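Only the coordinates and a few stated rules stand behind these numbers; no lab work does. Since the structure is predicted, the reported quantities are computational estimates derived from the model, not experimental observations. Backbone-built Cβ (ideal geometry, glycine too); neighbour counts: all protein chains shown.
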Amino acid sequence: MRIARHTIERCLLTACLCAMLHGGAAAQTTPTTGCPQRPLSNAVVKNPLDLTSTNGALKVDFTLRSLKLPEQFLKECYLYETSSGPVEAPTLRLNPGDQLELTLTNRLTFVPPAPPVGFLAHDMAAMPAPGTPHDPCLGGAMVATSTNIHFHGLGIPPKCHQDDVLITGIENTDPPFSYSFQIPPDHPPGMYWYHPHVHGFTTLQVNGGAAGVLIVGGMETVKPEVAGLPERVLVVRQEFENPDSWLAGPNRLTLNFQPARYRHRLPPILQMKPGVKEFWRVANAASQAFLSLQVLFGTTPQNLTLVALDGVPVRKSVEVQSIELPPAGRAEFIVTGPPSGQAARLQTAGFDTGPIGPPNPTKELAEIVATANAQEPPAFGGGNTIRKPRAPTSADMPLKARVTARRAMYFAEAAAGTNGPTEFFLTLEGQKPKMFTMSSPPAVVTKVGAVEDWTIANHAGEVHTFHIHQIHFLFLEVNGKKLTNPEWRDTVIVPAWDGVGPYPTVKLRMDFRDPRIAGTFVFHCHILDHEDGGMMAKIQVNPK
Ligand SMILES: [Cu+2]
C-alpha cells in the first residue's frame, strides 16, 4: 500500500494512529490539485461572482482545493465551475425564506510540514474507529485536509448538513457532501460569510483564502438610502509567507484576492465616479488582522454612512469616519466618490493589539481613482421584488427582557511549561482553565428562551475577539461603560489588558429565544490561531 508523503509525516507525529484512521484511503485517490489565478497587483477591483437564488432556492456545487507553489502564498480555494472556467469564492445571494443547497467536494491536498501546536491534544478524540466507513456527520480525522463549512452569523440550526462544526468532518476522500438549509423567513438582511471551521486547521484553510460572502437580500427595504447605489462587495483576507500560519510571521492583506500595498507592490484600484455614492459591503476574512477602515481624500478621513454591522441593519444609520472590524466582522456603509483628480484611498488605520499583540500597522487597501467613466459595480436592489424582510426594531432587542442568567468568563494565555508554546484559554469563572478539545464537555448549558448577560474579561496582554455561532448578541458595555446605542453583533473586540489596571471587559446580552438554535455549538476567539490553539468552548442549548 502506497502511503502519501503527508500521511507519513503526520504519522511521525501521531505514532501512526492516523495510518489506521486513513485505512489506506489517502493512497487510493489522487485528488486533483489546483486553484485559479488570483488577480495581479494594481488592477481594478471587481466584485466576486454573484450566484443568486431563483424561485426561492440556490443550488451550488463547490470543490475545495489547495495549491502551494514554491515562493508563493498557499491557496485554498472554493471553486465554482462556470462555462468560462472555475471561479473562486463566489457570493451567495439568497432572500429570507430561501433554501440553500450547497454541495461541497473536498479535494484538499496541502499538508503543512509542521503540526499546529497542541495537535494531538485537540484532535485525536474526533477520530472514528479504524476500519469504520466514514460518515462525515460522525466527525473525521480532523487533519489538515479535513474540512467543513461554518456559515458565520446566520441564525440557523447547529446541525450536520446545516451549520455544525462539532461533528462534521469531510475528508478529501469523501464523496460530495451536501449542506441544505433555509434562511429563516424573518432573518435580517445583510452580509454574512462562509469559511471552514476544522478545529486545529481553520487558520491554515482561511489564510489560504477559503472564505466567501453570503448576502441575505432586502437591505434596501430596511435602508432605502442604499437602493439603486452601485454595490461593492469587498473581502479582506490575510496571507502569511509561512504556510504554518499559526506561527506569526510576515503577512499581507488582500482585497478580493488582490494584494494590498505590500513591499514593492502597488495597491488595488477602486474606480468611482466623482461625487457619486456607492454602497460598500466589507467583510474582514483575515485570520488575525484588525481593521480600522477609513476612506481618505488626501489625508482627510471622509464621512461614511454606516447602515449595517455583522449582517444586521443598525437601528439608525450614522456618519462615522472610521469603522473598526475585528477578524470576522462585517460593515456595510455608503461612500461618496472623490472629486475628479483628488488623491484618495481606502486604508486600515492600524489597531493597537496590546503590549504582547502582533503588529497591526496602517495599510493601504486600495487607491481610489475618480473618473467619469469608472467601471462601477452594478446598482443594488434594482427591481428586486423579494418579500419584505423583518427589520430589527427596538422591540426585538431584549433590552428590557428578564435576564435569566448572568455568567462571567475570561480569555487567558499561558506558556506551556517554562518555555513552551502559548496555550490559549476561554474559561467560565469557577471552571478550571483547559484548552478546548473536540471532546470537551459543554462549558455552558442553557435552554431555548433564555436571555443571559455574559461578561467577558481579557486577562491577556493582547486583544481577543468574542464570537458565538448561531445567534447574535446585544453589545451592551465596554469596561463597565454602557454603549449609548446597543446594536446586534456576532463578533466583538475584547480589549487587551495593560498588565497594570483592572482586566478589560465587555458585557453582552445573549439571546437564546429562537427555538431553531437548540443544540450544541461553540463560542471562541475569532483570531483563528487562538481558536485553533484552544480558545474555544461549547454551549448546549436544550429545547424548551
Ligand atoms: Cu484571541
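Only beta bridges with both residues in the chain are counted; by DSSP, about 75 percent of them are antiparallel.
Projecting the Cα positions of Thr221, Cys160, Phe297 onto the charge dipole of the chain (unit charges on Cβ atoms of Lys, Arg, Asp and Glu, taken about the Cα centre) puts Thr221 furthest along the positive direction. Legend: distances between Cα atoms for Lys316/Lys363; Lys223/Lys400; Lys363/Lys538; Lys59/Lys277; Lys277/Lys316; pairs beyond 28 Å are Lys316/Lys363; Lys363/Lys538; Lys59/Lys277. Under a 5 Å amide H cut-off, with hydrogens placed 1.01 Å from N, Leu214 pairs with Leu92, Tyr192, Trp193, Tyr194 among residues at least 5 apart or on other chains.
Cβ-to-Cβ counts within 10 Å put Leu138, Leu346 in ascending order as Leu138, Leu346, the fewest first. For segment 456-471, 3J(HN,Hα) computed residue by residue from phi via the Karplus equation (6.51, -1.76, 1.60; θ = phi - 60°) reads 10, 9, 10, 9, 10, x, 9, 5, 10, 10, 9, 9, 10, 6, 6, 10 Hz, glycine and proline entered as x.
Ranking Val506, Leu49, Gly420 by Cα position along the charge dipole of the chain, where only Lys, Arg, Asp and Glu carry charges on their C-beta atoms, puts Val506 farthest toward the positive end. When peptides 45-56, 530-541, 197-208, 88-99 are ranked by their average number of other Cβ atoms within 10 Å per residue, the highest-first order is 197-208, 530-541, 88-99, 45-56.
Only helices enter the 222 nm calculation for the chain: every DSSP H run of n ≥ 4 contributes -39,500 (n - 2.57), and dividing by all residues gives -1500 deg cm²/dmol, rounded to 500.
Geometric descriptor of segment 394-542, per residue, is 113 Å³ (volume of the convex hull of the Cα atoms). For Lys434, the aspartates and glutamates whose Cα comes closer than 17 Å to its Cα, not counting residues fewer than 8 places off in the same chain, are Asp123, Glu413, Glu423, Asp529, Glu531, Asp532.
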